[in-house]
Amino acid sequence: MTSSEEERLCQVLRKFYSAFHTLGRDWEAVSRAADDVGPHRCEALYSANQAFLQLPYQPLLADAFVAMVKDHCHNLLDAHEGVGAPFAAGGGASNSEGPQPPHPASRTLTGRDHAPGGGGTTMTEEDGSG
């Protein structure tokens, strides 16, 4: 993830955190407030961090939320890149099924695919939309 992509992710996460605490579970409104990342992504982010987001709004908790989600994204990207590295580099590892597509979890709220071979595609939601 480039520094500009990471900065964008931080901005979107801060907007999401603030919007959620202001607007509640109105995912359409939260999505608009968080740079139109999509209501399904907002709901998925809430579901993954529900316990943390139930804490009362505090600026320090906003910072902690951003750090926690960023760390999670980095861990997913690192794990995925470690598995896919031989294929990305054209290495000699063999896989009877061939190279696998990027794991959906490696995609961020910015809608960019950061896995090897990705090309800025939009994130596919669990319900198939997006």
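Taking ARG25 as the residue in question, decide whether it is surrounded by fewer than 20 Cβ atoms within 10 Å (Cβ to Cβ), of a type outside the set (A, V, I, L, M, F, W, C) and in contact with a Ser or Thr (Cβ under 6 Å, 6 or more places away or on another chain).
On the way: surrounded by fewer than 20 Cβ atoms within 10 Å (Cβ to Cβ): yes; of a type outside the set (A, V, I, L, M, F, W, C): yes; in contact with a Ser or Thr (Cβ under 6 Å, 6 or more places away or on another chain): no.
Considered against the rule, which asks whether it is surrounded by fewer than 20 Cβ atoms within 10 Å (Cβ to Cβ), of a type outside the set (A, V, I, L, M, F, W, C) and in contact with a Ser or Thr (Cβ under 6 Å, 6 or more places away or on another chain), ARG25 comes out as no.
Output the residues belonging to the stretch 10-22 that are farther than 19 Å from HIS72 by Cα and open to solvent by 80 Å² or more (accessible area, probe 1.4 Å). I'd like the intermediate steps shown before the answer.
Start the filter on the stretch 10-22 by keeping residues that are farther than 19 Å from HIS72 by Cα, which leaves 18-22.
THR22 - this is the single residue of the stretch 10-22 that is farther than 19 Å from HIS72 by Cα and open to solvent by 80 Å² or more (accessible area, probe 1.4 Å).
Quick check on my filter: what residues within the stretch 44-63 are within 14 Å of VAL12 (Cα to Cα) and within 16 Å of the chain's Cα centre (by Cα)?
LEU45, TYR46
Determine whether VAL69 is β-branched (Val, Ile, Thr), in contact (Cβ under 8 Å) with a residue 40 or more places away in the chain and in a helix (DSSP H, G or I).
yes
For the stretch 8-59, give me every one of the helices (runs of 4 or more DSSP H) that falls completely inside it and has 1 or more residues that are touching a residue at least 40 places away in the same chain (Cβ under 8 Å).
On the way: elements: 27-33, 39-48, 50-53.
Counting at least 1 such residues, we get 39-48.
Just checking, how many residues over the stretch 23-37 are under 17 Å from the mean Cα position of the chain (by Cα), farther than 18 Å from CYS73 by Cβ and of a type in the set (Gly, Ala, Ser)? Step through it out loud before you land on a result.
Start the filter on the stretch 23-37 by keeping residues that are under 17 Å from the mean Cα position of the chain (by Cα), which leaves 27, 30-37.
Still in the running and farther than 18 Å from CYS73 by Cβ: 27, 30-33, 36.
Within this subset, residues satisfying the condition of being of a type in the set (Gly, Ala, Ser) are 31, 33.
The total comes to 2.
The values are calculated or read from the model by the stated rules, or taken from the named source; none is laboratory data. Owing to the predicted nature of the structure, the values given are computational and were not obtained by experimental measurement. Cβ coordinates were reconstructed from backbone atoms using ideal geometry, including for glycine residues, and neighbour counts include every protein chain displayed. Accessible surface is based on the protein model in full, side chains and every heavy atom, while ligands, DNA and RNA are left aside. Shrake-Rupley method; radii C 1.70, N 1.55, O 1.52, S 1.80 Å.
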